[in-house]
Amino acid sequence: MVSDAKARMIEGAARLLAEKGLQETSFSEVVALTGAPRGSIYHHFPDGKASLVAQALELQGAKSNALIESARGKPAVDVASTFIGGWRSLLIVSQFRIGCSAVAVTVAADSDDLLQRAGDVFRGWAELLAELLTLGGVDPAAAPAAATLLIAGSEGGVILSRAQASIEPFDSVAEQLLGHVRALSEGTAT
């Protein structure tokens, strides 16, 4: 069982990764954000920042998996819409300040272990999305590529919207992604 203080620190690190990136996610920043006692961060993460970041990535992956899982049994377009909608909501609520912690780690990690963990997050999303897209009517042969496209497109849309402080780039990408999934589920994709 994770203590409340440790859980707050992991949650805080995930937020800092998504908002400020890997380099700015320091123990000091986590303590300042969460109000956790400074000594407790060293107690809970004796292996240092990499351990905290790894657990923050696990949390991000689990939260997104839960969101994706909430669309189980729905048509493929609803599965895609649920995934895309989660990112859209995050952009709006954060006023374009928060993106994806796994992307933050991917672009800045100097550790093979952290890169692998970020890759595991993306693989987990892709596998679950492919499974649910298939259950929702997409041909099983096309579902893995569609899942990868959903992730890559959504992440790109998040980056563009953050850079432009506008939801328009994300919505443009989302419209294309949903159209593609709709065509796949109707068997009309080329």
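FYI, it's all coordinate maths here, none of it is from the lab. It should be emphasised that the depicted structure is a prediction, and the values quoted were computed from it without experimental measurement. With ideal geometry, Cβ positions are generated from the backbone for all residues, glycine too; neighbour counts draw on all protein chains shown.
Okay, here's what the table says:
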| read-out | value |
| --- | --- |
| Protection proxy ranking of 131-137, 94-100 - average other beta-carbon atoms within 10 Å, highest first | 131-137, 94-100 |
| FRET efficiency, 1/(1 + (r/R0)^6) with R0 25 Å, evaluated for Leu90 and Tyr42 via beta carbons | 0.25 |
| HN-Hα J in Hz across the range 22-35 - Karplus 6.51, -1.76, 1.60, θ = phi - 60°, x for Gly and Pro | 5, 5, 8, 8, 9, 4, 4, 5, 5, 4, 4, 5, 9, x |
| Where labels lie 7 Å past Cα in the beta-carbon direction, separation of Lys74 and Glu127 in nm | 2.3 |
| For Glu168, net neighbour charge (Lys/Arg +1, Asp/Glu -1) across residues whose Cβ lies under 13 Å away | 0 |
| Cα centroid of the range 39-73 to Cα centroid of the range 126-185, whole Å | 23 |
| Partners for Lys20 among lysines (Cα-Cα distance below 27 Å; same-chain residues under 8 apart left out) | Lys6, Lys49, Lys63 |
| Relative contact order (%) - the chain, alpha-carbon pairs under 8 angstrom, separation at least six | 23 |
| Distribution of pairwise C-alpha distances over the chain, 5 Å bins, in % | 1, 8, 16, 18, 18, 15, 11, 7, 4, 2, 1, 0 |
| Added length on full extension, which subtracts the Cα-Cα distance from 0.36 nm per residue, Glu24 to Ala189 | 55.1 nm |
